[in-house]
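Novice: Before I ask anything, let me first share the structure, which is written out below as structure tokens.
The values are calculated or read from the model by the stated rules, or taken from the named source; none is laboratory data. Worth saying up front: this structure is predicted, and the values here are computed from it rather than measured. All Cβ positions, even for glycine, are placed from backbone atoms using ideal geometry, and neighbour counts span all protein chains on display.
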Amino acid sequence: MSGLEVRGLSVRYPIGGLLTGRRVLQAVTDVSFDLIPGQTLGLVGESGCGKSSVARALVRLAPVSEGSVIWQGRDLAGLNEAQFRKVRPDIQMVFQDPFAALNPRMNMSQLIAEPLVTQNVPRAQIDKRVAAIVDKIGLRPEMMTRYPHEFSGGQAQRIGIARAVICNPRVLICDEAVSALDVSVQALILDLLTALQEDLSLAMLFIGHDLSVVRLICDRVMVLYLGRVMEEGPVDTLFDHACHPYTQLLIGSALSTDPEVERGRVRPAIRGDLPSPMDPPSGCVFRTRCPLATGICAAEVPVLREIGGTRAACHHAEEAL
Amino acid sequence: MCNIRGLITLNLGVVFDTGQTRNTGQTRNTGQTQNVALEDVSLTLCSGRILGILGESGSGKSQLARALTRLTPGHVSGQVMFGGDDLLALSEPALNAIRGRRIAYIFQDPMTALNPYLRIRVQLAEVATTHLGLSRSAARDRAIEMLDLVRIPDPQARLNAYPHELSGGMRQRVMIAMALMAEPDILIADEPTTALDATVQVEVLDLLRDLCDRQNLAMMVITHDISVVARIADEVLILYAGRMAETGPVKGVLRDPRHPYTKGLIDSTPDLARRGRARGIPGTLPGPDAPRDRCLYADRCPRAEEVCRNMQPQMRDMGQGRRVACHLPLGAP
């Protein structure tokens, strides 16, 4: 069972221009992980931590500046456009805002068929496959002629998911795929994703900012901060025994729906704001906001190492645990 | 809703005119019809208390915030009693003296609510010169005082910043500071932390709670997120399809819901502290042209019976300050 192997991935965006001079924004630095069939890896972190850049780099919507993306023995980063197009059906993506992701001028059947049309699948097959997927995705055949504005958010996201899975992908990337939905619908879409994963044995990358959703759906979780991996491990170990101060802070910031739990609970204070990714701190990028930071944190970049049941990049992880 | 005399009491309805009705898939002009956005919603805001308005998209929660001071383009009916006046009956100039001065707003996205061309100093001072008639230097002093109050470090230096130079959390603090510049009695916050990261969200929520207590503000916090209500609100009002579903003290309602929709919402929300799967609510919100002489939640409700589809449930008293609009409430004998 081979999955998608990401090794040493870095993403850099050139920014600036005539007046400011060309500079480089380092969005992702040296990120490695495996996406395994039937399993879900969660990618979490605050806005600007590089989680969407990682996802986009896997499907060439962002540049792979360094590192490799190995799929079935080949490095996707080295493929030319024509070669990449051939493997593209294997790796599909579901986006956050279904109304932004769906062409408002196409009806449901056109929208779901589009990926197959792009792949030059014969027309007779297309109709059959569209009909099959519509049933699987929890939509009704009589909706086929409706346009995106006639759907609710949850229904529109089901169409987005149908588009992603109709080419029988092996890898599914969900970039905040349930964040824009009402909670009553969110849970149903999560169930749908889980069912599809089992059915198709999908390797999933699930990007989310809501830790309680991530805990529900993921097998492993990776925590990013300013483009670097802070901690990574099995979902329960990471949530119950996090050893990186940043992971602990993120978990401590997640609110509960129980007023009894919430009242009087003192939340961990975080110092200051996220530093500019244009000018990240030396050494450990989290040190400017970390309660445990000392001299070594400014001097040396901590390497990811096994501590407890997870891997963490922190000089003081033993104390934090 | 609270024992002390309410600062503002209202009973509201909002409808929108639509020029056309849809009929058998074809659109044809049949003259005026109306879409109901909000129906018979009544509530009271009290000084030093936070009322959480909880609802999903289409619940009418934002319409409620806007209808309060007639900021919605829809037709507002009912009354909003504040300081002996009905705000809905006031002239536009009289209402303008209340908007922003006595009743202030904070919206979801601070980046679109702030003017990107003007320094923070100018935008803050404008509120004080307009509403309080302060001089420029007095307005500046008050701006510094307010930035300090919302815990912005080094407020003097921040005064000269443009909105884009501040982080999302800082911008929302500036919005709160701006709302407080004219010393309002009532603060309406519409999804105040939805655009913020979790680490910042907690700080801003705790700041709002603290300001409510210290400044004795009456606050209405509108949100789709149960945990926001759990964290800072005293009472909660749950809206569904423009109608009140349930209301009462936060602890009672969220720990022991009476309305099946409230329970559905709670069970749908994943919680790190409460393991187990989240269950969603199948079905969708009734459309704007659906019949309203019934329980609007009935088609999604696991408890629904014949009566729910035939008769609209009225709000009824459940004791301990709790009210629910349901024919077959949970926990009832």
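Novice: Kindly indicate which of B:A245, B:A273, B:A278, B:A325 is in contact with a helix residue (DSSP H, G or I) (Cβ under 8 Å, 6 or more places away or on another chain) and at pLDDT 95 or above.
Specialist: Residue meeting the stated conditions: B:A245.
Novice: A further question on this structure: Could you check A:D219 against (1) more than 9 Å from chain B (Cβ to nearest Cβ); (2) buried (at least 23 other Cβ atoms within 10 Å of the Cβ) and say which number it fails?
Specialist: For A:D219, the exception is condition (2).
Novice: Next question, about the same structure. Could you pull out the residue among B:R322, B:R309, B:R277 that is without any contact (Cβ under 8 Å) to a residue 60 or more places away in the chain and either under 29 Å from B:R49 (Cβ atoms) or more than 10 Å from chain A (Cβ to nearest Cβ) (or both)?
Specialist: B:R309
Novice: Also, quick follow-up: Take A:A162 and decide whether it is within 14 Å of chain B (Cβ to nearest Cβ), under 29 Å from A:V183 (Cα atoms) and not in a loop (DSSP other than H, G, I, E, B).
Specialist: Judged against the criteria, A:A162 is not a match.
Novice: Using beta carbons and a limit of 6 Å, which pairs, at least six apart or on different chains, have the first residue in segment B:96-112 and surrounded by fewer than 18 Cβ atoms within 10 Å (Cβ to Cβ) and the second one not in a loop (DSSP other than H, G, I, E, B)?
Specialist: These pairs meet every condition: B:R101/B:H131.
Novice: Taking the residues in segment A:270-286 that are more than 24 Å from the chain's Cα centre (by Cα), of a type outside the set (V, I, T) and surrounded by 13 or more Cβ atoms within 10 Å (Cβ to Cβ) as candidates, determine which candidate is nearest to the other protein chains (Cβ to nearest Cβ).
Specialist: Step by step, filter segment A:270-286, then rank; the result is A:P281.
Novice: Could I ask something else about it? What is the residue count in segment B:222-258 for residues that are among the polar types (S, T, N, Q) and either surrounded by fewer than 24 Cβ atoms within 10 Å (Cβ to Cβ) or in a helix (DSSP H, G or I) (or both)?
Specialist: Qualifying residue count for the region: 1.
Novice: Can you tell me how many residues in segment B:205-221 are farther than 20 Å from B:L272 by Cβ and either assigned to a strand (DSSP E or B) or aliphatic (A, V, I, L, M) (or both)?
Specialist: Residues that pass the stated criteria total 8.
Novice: Kindly indicate whether B:L118 is buried (at least 18 other Cβ atoms within 10 Å of the Cβ) and in contact (Cβ under 8 Å) with a residue 24 or more places away in the chain.
Specialist: Criteria not met by B:L118.
Novice: Right, something else. Hey, can you tell me all the residues within segment B:164-189 that are touching a helix residue (DSSP H, G or I) at 6+ places or on another chain (Cβ under 6 Å) and closer than 18 Å to B:P116 by Cα?
Specialist: Selection gives B:G169, B:R171, B:Q172, B:V174, B:M175, B:A177, B:M178.
Novice: Taking helices (runs of 4 or more DSSP H) that do not extend beyond segment A:186-291, which have at least 2 residues that are touching a helix residue (DSSP H, G or I) at 6+ places or on another chain (Cβ under 8 Å) and at pLDDT 90 or above?
Specialist: Of the helices (runs of 4 or more DSSP H) lying wholly inside segment A:186-291, those with at least 2 residues that are touching a helix residue (DSSP H, G or I) at 6+ places or on another chain (Cβ under 8 Å) and at pLDDT 90 or above span A:211-217, A:235-240, A:245-253.
Novice: How many of the residues making up segment B:174-201 are without any contact (Cβ under 8 Å) to a residue 40 or more places away in the chain and buried (at least 24 other Cβ atoms within 10 Å of the Cβ)?
Specialist: Final tally of qualifying residues: 2.
Novice: What do you reckon, is A:R289 surrounded by 15 or more Cβ atoms within 10 Å (Cβ to Cβ), within 20 Å of A:V44 (Cβ to Cβ), more than 26 Å from the chain's Cα centre (by Cα) and within 13 Å of chain B (Cβ to nearest Cβ)?
Specialist: No.
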